[in-house]
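The values are calculated or read from the model by the stated rules, or taken from the named source; none is laboratory data. The model shown is predicted, which means the values in this text are computed figures rather than measured ones. All Cβ positions, even for glycine, are placed from backbone atoms using ideal geometry, and neighbour counts span all protein chains on display. The area values use the complete protein model at the heavy-atom level, side chains included, leaving out ligands, DNA and RNA. Shrake-Rupley method; radii C 1.70, N 1.55, O 1.52, S 1.80 Å.
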Amino acid sequence: MQKKGLLIVVSGPSGAGKGTVLAHTVANYSNLKYSVSVTTRAPREGEIDGVNYFFKSVDEFNQMVEKEEFLEYKCVYGNYYGTPKANVQSQIDKGFDVVLEIDTQGALDVKNAYPDSVMIFITPSKRSTIEQRLRGRCTDSEEQIIKRTQSAVDEIKQAVFYDYIVVNEDAQQGAMDIVAIIEAEKCKVKNNKKFIDNLIYGGK
Ligand code: 5GP
C-alpha cells in the first residue's frame, strides 16, 4: 500500500526568504509538491499566474469562499490569500509531501484541521534583515514595507506554536534544513506503525 505523504506548513515574517528557501527545497526534493495559493494581491514583477499564485479578483475569491473551495483563507497585509482544497488531500493520499506557505493565522487553522501536519517557522537571525530584504527586493510599496515590518514581531511571537525553526541566512542551507526535517519526520515511529506491524505480523 502507498504510504501517505506529509502535510508541511511553512510560515515566517515577510522578508524571511520563505519563497526562495522553498524553491530550493522543491528543486532538491522531488517528492515535495508546492501548494499554489489563491490571492487578491496584484502580481509582483516576474510572478506568474498559476506558478507563484492564482491571481483572482475579490469577487472571484468570494465565489471560491462561498463554494467552500478553501482549506483555509485569511486577510494578510490587506489582501486575501487562501489554500485551495483541490489537490492537497489527493497528493497526500498518493504519497506526495505537500508544502503550504501560509501566514501564522492560517497555519493554526491547518494545524487544528490536520493535527499531524509538520509546522516549520522560517526567520532571519536578525530582525533588521527583514526590512533590508523587503527594501532590497524592490517589489513592495512603502506602505506595504511599513505594514510588513510592523507585523514581523507579532508573527515571530507565533513561532512557539511551530514544531521547527529554520534560520535563513543562506537559502541553500535553509532548504537542506527543511529536507532534514522531512526525512526525520518520515523516520518517526508514529509515522511507521504499519511498517512495524508488518515486521511483527507479516511473513518472514
Ligand atoms: P506575499 O504577498 O508576500 O506573497 O504573502 C504575504 C503573506 O501571505 C505571507 O505571510 C504568506 O505566507 C501568506 N500567504 C500566502 N498564501 C497564503 C494562503 O493561502 N493562506 C494564508 N493564510 N496565507 C498565505
Cα-centred dipole magnitude for the chain, charges only on beta-carbon of K, R (+1) and D, E (-1), debye, nearest 20: 700 debye
Residue-averaged 222 nm ellipticity for the chain, from DSSP H runs of 4+ at -39500 (n - 2.57), nearest 500: -13000 deg cm²/dmol
Solvent-accessible surface ranking, highest first, for Met176, Met64, Met119 at 1.4 angstrom: Met176, Met64, Met119
By accessible area with a 1.4 Å probe, ligands and nucleic acids excluded, highest first: order of Ser30, Ser117, Ser90: Ser30, Ser90, Ser117
Normalised per residue, the volume of the convex hull around the Cα set of the chain (Å³): 129 Å³
Solution diffusion estimate, µm²/s, Stokes-Einstein, segment 102-164, Kirkwood Rh from C-alpha pairs, 4 °C, viscosity 1.567 mPa s: 100 µm²/s
Label-reachable residues, segment 77-121, where backbone N falls under 19 Å from a point 7 Å from Asn198's Cα toward its Cβ: 92-97
Accessible area of Glu60 in the full protein assembly, 1.4 Å probe (Å², nearest 10): 80 Å²
Highest average packing first - 93-101, 145-153, Cβ atoms within 10 Å: 93-101, 145-153
Global geometry of segment 13-92, whether rounded, prolate or oblate, following the gyration tensor of its Cα atoms and the 1.5 cut on a/c: oblate
Segment 1-146, accessible surface, carbon-and-sulfur percent (1.4 angstrom probe): 49 percent
GNM result for the chain, Cα springs below 10 Å: residue of Thr104, Thr20, Thr39 fluctuating most strongly: Thr20
Probe 1.4 Å - accessible area at Lys67, Å² to nearest ten: 140 Å²
Net charge over other residues, Cβ less than 13 angstrom from the Cβ of Asn62 (K, R count +1; D, E count -1): -3
Linear extension gain, Lys188 paired with Gln89, 0.36 nm per residue minus alpha-carbon span: 33.5 nm
30 Å Cα-Cα threshold exceeded, pairs from Lys126/Lys147; Lys56/Lys94; Lys67/Lys111; Lys111/Lys204: Lys111/Lys204
Karplus 3J(HN,Hα) series, Hz, for segment 173-188 with 6.51 cos²θ - 1.76 cosθ + 1.60 (x for Gly, Pro): 5, x, 5, 5, 4, 5, 4, 4, 5, 4, 4, 5, 4, 5, 8, 4
Cubic angstrom per residue, convex hull over Cα atoms of segment 78-137: 139 Å³
Whole-number accessible area per residue in Å² for the chain, which is evaluated in the context of all protein chains at 1.4 Å: 56 Å²
For segment 14-25, Karplus couplings with θ = phi - 60° (6.51, -1.76, 1.60), whole Hz, Gly/Pro x: 4, x, 6, x, 4, x, 5, 4, 5, 4, 5, 5
Exposure ranking of Arg127, Arg41 by accessible area [1.4 Å probe, largest first]: Arg127, Arg41
